Amino acid sequence: MFKLTAKALACAAILSCAGLVQAADEPILIKFAHVVADNTPKGQGALLFKKLAEERLPGRVKVEVYPNSSLFGDGKEMEALLLGDVQMLAPSLAKFEQYAKPVQIFDLPFLFDNMEAVDRFQASPEGRGLLTSMEDKNITGLAYWHNGLKVMSANKPLRDPADARGLKFRVQASAVLEEQFKAVRANPRKMSFAEVYQGLQTGVVNGTENTWSNYFSQKVHEVQKYMTESDHGLIDYMVITNTKFWKGLPDDVRGELETIMAEVSVEVNKQADELNRTAKEDIAKAGTTEIIELTPQQRAEWREAMRPVWQKFEKEIGAELIQAAEKSNQG
């Protein structure tokens with residue numbers, strides 16, 4: 001950690017010196033890097049942010065968008081942000097557990113009943129507070145962008161928690177998600193998103209969890225016979241920036257960029273919801289996968305089976321934060 005901090009400070013010093021010889025009217029450069037394609041809601045959001053920022057702050061701000069890990073890969077982008085080599089990212093919420101344990105709340109299974117509850121929590125003082133919870137690490141959250149609620153898939157029907165026993169499930173690198181599947185006596189396997197299709201095809205893993213849109217875009221429905229509409233967890237992103245960079249912007253520029261980010265977030269989240277609806281329809285039309293809808297009783301059984309995960313991480317996340325998230329289900 002000391003080496004990273006020292007390197008970051010050296011980089012900041014170089015940038016500061018460069019600023020002394022930089023033309024006063026040269027625009028502020030914002031490099032926005034992400035790991036998905038331009039035609040995804042996240043990709044479209046980054047492009048819309050660029051468009052509006054350059055339209056409303058002409059000559060003052062220039063935004064360069066780097067999709068598909070073209071600037072930094074999934075494993076290097078956070079370090080790049082801390083070093084000032086990139087100014088904006090939009091990682092999955094599961095990527096932040098090493099920076100702020102309370103952000104793990106978004107990985108807790110069956111915490112949110114629907115996306116409306118997610119919206120209410122993210123807009124609450126507690127949800128907004130998580131955006132600034134990593135500023136001591138030089139990371140400032142600007143917005144939440146939706147991907148959607150997760151459903152489970154496998155090559156056998158998953159109707160009851162016992163059906164998952166012994167299966168190998170692909171998970172993101174998250175301690176909470178590992179414990180989620182251990183709670184139903186399944187075997188979690190960490191695997192990158194790009195490897196999922198082949199892993200399912202070859203039997204390295206038997207099942208996974210993801211959103212409808214991610215399943216369809218990666219053709220997972222071609223190698224999974226069943227998908228259970230569990231809506232048990234959340235895959236969302238946090239748009240983040242380097243804190244020192246953000247606070248060093250002129251007040252009027254920062255204020256306008258915050259306004260733009262809020263507008264873009266509404267559009268991104270609308271696109272994500274629509275994409276999941278159409279992806280589910282397309283998977284159903286393909287006819288390769290049976291979609292299982294849980295009864296209220298079955299969903300309650302899954303929730304009860306995975307509920308011990310809440311207690312396991314309650315101290316790290318905070319009991320009051322979990323309670324605030326639960327209240328968001330009340331409408």
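The values are calculated or read from the model by the stated rules, or taken from the named source; none is laboratory data. No experiment lies behind these values; they were computed from the predicted model shown. Cβ: placed from backbone, ideal geometry, glycine included. Neighbour counts: every protein chain shown. Protein only, heavy atoms only, side chains kept; ligands, DNA and RNA dropped before computing areas. Shrake-Rupley method; radii C 1.70, N 1.55, O 1.52, S 1.80 Å.
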Original post:
What spacing in nm lies between the two simple spin-label points modelled at residue 225 and residue 316, each 7 Å away from Cα in the Cβ direction?
Top reply: 3.5 nm
Original post:
Using only the Cα atoms of the chain, what do you get for the radius of gyration and for Dmax, in Å?
Top reply: 20.6, 67
Subject >> Accessible surface, the chain, averaged per residue in Å² (probe 1.4 Å) >> reply: 47 Å²
**OP:** Would you work out what percent of the accessible area of the range 28-329, with all protein chains in place, is carbon or sulfur (probe 1.4 Å)?
**Re:** 48 percent
Original post:
Taking amide hydrogens as modeled 1.01 Å from N in the peptide plane, which residues meet the under 5 Å criterion relative to residue 143, leaving out close sequence neighbours?
Top reply: 239
Original post:
Normalised by the residues of the range 28-329, what does the relative contact order come to in percent, with Cα pairs under 8 Å and at least six apart?
Top reply: 26 percent
Original post:
How do 190-203, 25-38 rank on mean C-beta neighbours within 10 Å, highest first?
Top reply: 25-38, 190-203
Subject >> Entries of 51/95; 50/95; 42/270; 101/280; 50/280; 168/190 with Cα pairs more than 21 Å apart >> reply: 51/95; 50/95; 101/280; 50/280
Original post:
Which FRET efficiency, nearest 0.05, do residue 37 and residue 165 yield, Cβ-Cβ r, R0 22 Å?
Top reply: 0.05
Original post:
With point charges of +1 on the Cβ of Lys and Arg and -1 on the Cβ of Asp and Glu, referenced to the Cα centre of the chain, which listed residue (172, 260, 43) lies farthest in the positive direction of the dipole?
Top reply: 172
Original post:
Under a point spin-label approximation (7 Å from Cα along Cα-to-Cβ), what is the residue 155-residue 194 distance to one decimal in nm?
Top reply: 2.5 nm
Original post:
What is the packing order of peptides 221-234, 138-151, 45-58, 68-81, taking the mean over residues of other C-beta atoms within 10 Å and listing the highest first?
Top reply: 138-151, 221-234, 45-58, 68-81
